[in-house]
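S.K.: Handing you a structure now.
Just so you know, all these numbers are worked out from the coordinates, no wet-lab data involved. Predicted model, so just to flag it, every value in this text is computed and none were measured. All Cβ positions, even for glycine, are placed from backbone atoms using ideal geometry, and neighbour counts span all protein chains on display.
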């Protein structure tokens, strides 16, 4: 398993937890950009695009577009 695959797996768990419980302050733990990069580097481009849409929505909601 490559480092990118390992990262994508761990960060998928983070994504699942955030989807389930939410994240109070989006700036405290900035994990989603790393997740997007790991997905892109492993060829999972559709998933990377989905996460990019979520990141964009989070930035808009936080007022940091």
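S.K.: Taking the 0 to 90 degree range and rounding to the nearest ten, how far is the long axis of helix 3-21 tilted relative to the main principal axis of the chain, both from C-alpha atoms?
M.R.: 30
S.K.: Can you compute the modelled spin-label distance between residue 25 and residue 53, with each label point 7 Å from Cα toward Cβ, in nm?
M.R.: For residue 25 paired with residue 53, the spin-label model returns 3.0 nm.
S.K.: Using Cα pairs under 8 angstrom and six or more residues apart, how large is the relative contact order of the chain, in percent?
M.R.: Taking the mean separation of contacting Cα pairs over the length of the chain, I get 33 percent.
S.K.: While we're here: On average, how much area does the Cα convex hull of the chain cover when viewed from any direction, in nm²?
M.R.: Across all orientations, the chain yields a mean hull projection of 4.3 nm².
S.K.: If you don't mind, another one. Given the rule -39500 (n - 2.57) for each run of at least 4 DSSP H residues, summed and divided by the residues of the chain, what is its mean residue ellipticity at 222 nm, to the nearest 500 deg cm²/dmol?
M.R.: Helices in the chain give a 222 nm mean residue ellipticity of -24000 deg cm²/dmol.
S.K.: Express in nm, to one decimal, how much length is gained between residue 61 and residue 14 on full extension, taking 0.36 nm for each residue of separation and deducting their alpha carbon distance. Display every interim value, and only then the final one.
M.R.: Working: separation 47, 0.36 × 47 = 16.92 nm, distance 1.97 nm.
Going from the current span to full extension adds 15.0 nm.
S.K.: Subtract the Cα-Cα distance of residue 3 and residue 45 from 0.36 nm times their separation in residues, and report this length gain in nm to one decimal.
M.R.: Additional length available on full extension: 13.4 nm.
S.K.: Expressed as a whole number of Å, what is the distance separating the alpha-carbon centroids of region 2-28 and region 37-65?
M.R.: Taking the Cα centre of region 2-28 as reference, the centre of region 37-65 is 12 Å away.
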